[in-house]
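The values are calculated or read from the model by the stated rules, or taken from the named source; none is laboratory data. On a predicted model such as this, the values are computed, not experimentally measured, just so you know. Glycine also receives a Cβ, built like all others from the backbone with ideal geometry; neighbour counts cover every protein chain displayed. These area figures cover heavy atoms from the full protein model, side chains too; ligands, DNA and RNA do not enter into them. Shrake-Rupley method; radii C 1.70, N 1.55, O 1.52, S 1.80 Å.
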Amino acid sequence: VTLSEAIADSLNTVAAQVGYEIGIQKVTALAREVGVTSTLHNYPSIALGSDEVTLLDMTTGYGVLARGGLQMSPYIIEEIRNSRGDLLYSNPAVATTPRVYPENLAEDMTGMLSRVVVSGTGRAARVAGWDVAGKTGTSQEWRDAWFLGYTARYTGGVWVGNDNDTPMSKVTGGEMSARIFSVMMTGAH
């Protein structure tokens, strides 16, 4: 199976093998470089998402891929205007954005993550009129279901789960999370 097929179909054994072959320390180091600030451990299962990571961290990492390898600085509010249209606040523009991941590898990843949505586990994340790249994720016993993805315009992430960490009724990232992502991104576009 190719790496692209493995990513599209969420074949965890391939992810684990690749993580082992390149070195677990390199996996966690790359996560740091793309903006993950959550505590990560150098366990072999890290390639499968065994550590708890925030939705913001995950979305930031996918944002790096969406930006062709440039650092992602997430924000919630772009600008605030009063009822007369006067600008009260504008998110400050960053003068220079450092490259944290090679552009050619970001393009390769985008190609593989696009396949997830076109023909893999993330088909429910499609957004009419837009190419979407992204990845589904489901934790053990269906405690967490994710979809993280991006278009040429926006990056977004959806987490579904119970606040008390109890299992859901077999909800996967390719189902509910991907559908919510599609609705959210359709509205955003």
Can you give me the number of residues within segment 13-50 that are among the aromatic types (Phe, Trp, Tyr) and either touching a His at 6+ places or on another chain (Cβ under 9 Å) or outside any loop (DSSP other than H, G, I, E, B) (or both)?
1
Selection over segment 109-147 where residues are among the aliphatic types (A, V, I, L, M) and closer than 18 Å to Ala47 by Cα yields a count of 5
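Each row is one residue, and each column tells you yes or no for (1) open to solvent by 20 Å² or more (accessible area, probe 1.4 Å); (2) within 16 Å of the chain's Cα centre (by Cα); (3) of a type outside the set (Phe, Trp, Tyr).
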{"position": "Ala6", "(1), (2), (3)": "no, no, yes"}
{"position": "Ala15", "(1), (2), (3)": "yes, yes, yes"}
{"position": "Tyr20", "(1), (2), (3)": "yes, no, no"}
{"position": "Lys26", "(1), (2), (3)": "yes, no, yes"}
{"position": "Leu48", "(1), (2), (3)": "yes, yes, yes"}
Matching residues in segment 51-72 - criterion: being open to solvent by 60 Å² or more (accessible area, probe 1.4 Å) and in a loop (DSSP other than H, G, I, E, B):
Glu52, Thr54, Arg67, Gln71
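Examine segment 121-141 for a residue that is among the hydrophobic types (A, V, I, L, M, F, W, C), open to solvent by 50 Å² or more (accessible area, probe 1.4 Å), in a loop (DSSP other than H, G, I, E, B) and out of contact with any helix residue (DSSP H, G or I) (no Cβ under 9 Å at 6 or more places or on another chain), and state whether such a residue exists. Reasoning before the result, please.
Taking segment 121-141 first, the residues among the hydrophobic types (A, V, I, L, M, F, W, C) are 124-125, 127-128, 130, 132-133.
Now narrow it down to the ones that are open to solvent by 50 Å² or more (accessible area, probe 1.4 Å): 128, 130.
Filter once more, so that each one left must be in a loop (DSSP other than H, G, I, E, B): 128.
Applying the additional criterion that residues be out of contact with any helix residue (DSSP H, G or I) (no Cβ under 9 Å at 6 or more places or on another chain) yields none.
Taking every residue of segment 121-141 in turn, none turns out to be among the hydrophobic types (A, V, I, L, M, F, W, C), open to solvent by 50 Å² or more (accessible area, probe 1.4 Å), in a loop (DSSP other than H, G, I, E, B) and out of contact with any helix residue (DSSP H, G or I) (no Cβ under 9 Å at 6 or more places or on another chain).
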